[in-house]
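First the structure, in the form of C-alpha cells, and then the observations on it.
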Amino acid sequence: MPAPVNVVAVVGSQWQWAVNYPEGPGNPEGAVHEAAADGAVPVLYLPQGETVRFEVRSADVLHSLYVPSFLYKMDAVPGVTKKFEFVPQVVGEYEGRCAELCGTGHSEMRMVIKIVTPEEYRRHLAQLKAQGQTGAKP
Ligand SMILES: [Cu+2]
C-alpha cells in the first residue's frame, strides 16, 4: 500500500464524533475541521483512490467507530490513538455509528461518510479553511 497522503483524526466524546483533517501531503494548506451544529450528524469526507490513515481516539469513555458498509470497526480508547489505513474505493455516502455502549446518547453517535473524487475532497478542505474552521476542533 502506498504511504498515506491523507489523515483524518476522529475523536469520540459523549455523544458525538469530531472530525479533523490535520495538515499533511494531501492537505498542504493546514489543519481544518468539520463543524456540525448541536444535534446534527457530522460529515467526514474521504478522497476516492488515495490512501487515508484514520486516527481514532476518545476524549472520555470507550467508543467504537463502526462503518457497516466497510465491514470495519475501530475502538476509540481514552489516552490511545488507534490507526488504520485504507483506500476508499466507491464514491458515495455511508453511515457510521458508535458500536460501544457509551451512555444515554449512544444511539445518537452517528456520522455520514462521503467518499468523493480527490478534486472534490481538496475543494471541501479549502472551503472549510475559507469558513474559518482551521486547526483542530476545540
Ligand atoms: Cu457509543
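The values are calculated or read from the model by the stated rules, or taken from the named source; none is laboratory data. Everything numeric here is computed off the predicted structure, so don't read it as measured data. Methodologically, a virtual Cβ is constructed for each residue, glycine included, from the backbone with ideal geometry; neighbour enumeration extends over all protein chains shown.
Please work out which one of (1) closer than 14 Å to GLY105 by Cβ; (2) in contact with a Leu (Cβ under 8 Å, 6 or more places away or on another chain) is the condition ASP38 fails and give its number.
ASP38 satisfies every listed condition except (2).
Going by what's in this entry, would LEU101 be described as more than 16 Å from PRO42 (Cβ to Cβ), within 11 Å of the ligand (Cβ to nearest atom), loosely packed, with under 15 Cβ neighbours inside 10 Å and hydrophobic (A, V, I, L, M, F, W, C)? Show your work before the answer.
On the way: more than 16 Å from PRO42 (Cβ to Cβ): yes; within 11 Å of the ligand (Cβ to nearest atom): yes; loosely packed, with under 15 Cβ neighbours inside 10 Å: yes; hydrophobic (A, V, I, L, M, F, W, C): yes.
Criteria met by LEU101.
So GLU50 clears everything in (1) within 13 Å of VAL11 (Cα to Cα); (2) among the acidic types (Asp, Glu); (3) surrounded by 15 or more Cβ atoms within 10 Å (Cβ to Cβ) except one condition, right? Which one?
In the conditions (1) within 13 Å of VAL11 (Cα to Cα); (2) among the acidic types (Asp, Glu); (3) surrounded by 15 or more Cβ atoms within 10 Å (Cβ to Cβ), GLU50 misses (1) alone.
Given segment 52-138, what strands (runs of 3 or more DSSP E) lie entirely inside it while holding 3 or more residues that are at pLDDT 95 or above? It would help to see each step written out before you state the result.
Details: elements: 52-58, 63-67, 72-76, 82-86, 92-98, 110-116.
Here the list reads 52-58, 63-67, 72-76, 92-98, 110-116.
I need a count of the residues in segment 86-98 that are more than 14 Å from the ligand (Cβ to nearest atom), surrounded by 12 or more Cβ atoms within 10 Å (Cβ to Cβ) and within 16 Å of PRO42 (Cβ to Cβ). Let's see the steps before the verdict.
Narrowing segment 86-98 to residues more than 14 Å from the ligand (Cβ to nearest atom): 86-95.
If we keep only those that are surrounded by 12 or more Cβ atoms within 10 Å (Cβ to Cβ) too, we end up with 86-88, 91-92, 94-95.
Remaining after also requiring within 16 Å of PRO42 (Cβ to Cβ): 94-95.
Number satisfying all stated conditions: 2.
Identify all residues within segment 113-138 that are surrounded by fewer than 16 Cβ atoms within 10 Å (Cβ to Cβ), over 12 Å from GLU29 (Cβ atoms) and aliphatic (A, V, I, L, M); write none if there are none.
ALA136
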